[in-house]
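Notes follow the structure.
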Amino acid sequence: MLDIFLQTLPFFAIIALGYGAGRTGFFTPEATAYLTKFVFYFALSAMLFRFSANLSLGEVWNGRLVIAYLWGTAFIYGVATIVALLRNQGLAKTAIEAQCAVIGNTGFLGVPMLVLLMGEKAIGPVILVLAVDLVVFSSLIVILMSIAKDGRFDLSIFKTIGFGLLMNPMIVSMVLGLMWSATGAPLPRPVDAFAELLGSAATPGALFAIGASLASKSTEKIEVAAWLSFCKLVLHPAFVAIAAIYLFPLDPFSAGVIIAAAALPVAGNVFMLAQHYGVAPQRVSAAILVSTAISIVTVSLVIGWVSQL
């Protein structure tokens, strides 16, 4: 377990370095925004494209894995939803809290860390987890927010969802990579070298950007943040484990990867959604800060456990 902790420590050390740079003002919020944009649109997209282009669809797609991850995630989404409704939070705040409870930082933290720690075999399962989060739960919150705002369900929302998915560089890069893979041709050497070079900036850039963005986060509503962090760091991986090991049994390695992915802290894009809709951004901010700090220990514990599977 100590060995796993020491392997994950450098990742969180870079996050801490970014946090220090942001907290001291050396890295301004504007600089953080531009670094995040670079990682999101260029470095991480290059990494995902290269990963996908070197895998066949058969190596990536696993229907049982999708069902297991969906079941575990939907269960905790439902738990967080019920708890929020019992506290009379209303539909909009309830949707935001449920999103915090299940959407982890798979793109910026999970992809680079889990692939490095668990090997290249982890690429397929991690990509599927990321795709489920982006396609299913990102679409769901848009629908719920639309209902909360307009008081009714409008089919035109699917146009907005479709456009949003098409404009998401992570989805586009994965689809383009798999399309290239389907041709059966290897990536041309210059293209592969370009994607590898640009993609290598994703890991340090993403981790530093996570830390720098945390510098502007507050810890208001700490009791809610603690509950949502418990959902994300403990309940979410626990119920994904139940699904992946007992209900929809997967091979031990795939099960381990999606359990580890479920253990990641709350994603920064949930805060962007909260800001966009003007719904409880401080609450989300606190959940991201608290869950990221605690995950230094919990992620190591979960990865240590699944490595024994």
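Brief remarks on what is shown
- Taking the three principal axes of the alpha carbon atoms in the chain, the coordinate ranges are 56, 45, 41 Å, sorted in descending order.
- Rounded to whole Å, the principal axis extents of the Cα atoms in the stretch 38-128 read 48, 34, 21, largest first.
- Peptides 56-68, 99-111, 171-183 ranked from most to least packed by the mean count of surrounding Cβ atoms within 10 Å: 99-111, 171-183, 56-68.
- In this Cβ point-charge picture (+1 for Lys and Arg, -1 for Asp and Glu), the stretch 1-141 has a dipole of about 180 debye about its Cα centre.
- Of the DSSP H helices in the chain, those with a Cα length along their own long axis of 20 Å or more and a mean Kyte-Doolittle hydropathy reaching -1.0 comprise 2-23, 63-86, 281-306.
- Reachable lysines from K232, criterion Cα separation under 27 angstrom, eight or more residues apart if same chain: K37, K93, K121, K149, K217, K221
- Here the stretch 2-306 is assigned +1 on the Cβ of each Lys and Arg and -1 on the Cβ of each Asp and Glu. Its dipole about the Cα centre then comes out at about 480 debye.
- Each of F12, F230, A193 was placed along the dipole of the chain (beta-carbon charges, centred on the mean Cα), and the one lying farthest toward the positive end is F230.
- Average Cα contact separation per residue, the stretch 201-308, under 8 Å, 6 or more apart, as relative contact order %: 39 percent
Here, each number is a calculation from the coordinates, and none is a lab measurement. Bear in mind that the values here come from a model prediction, so they are computed numbers and not experimental data. Counting neighbours? That spans all protein chains shown, and the Cβs are built from the backbone with ideal geometry, glycine included.
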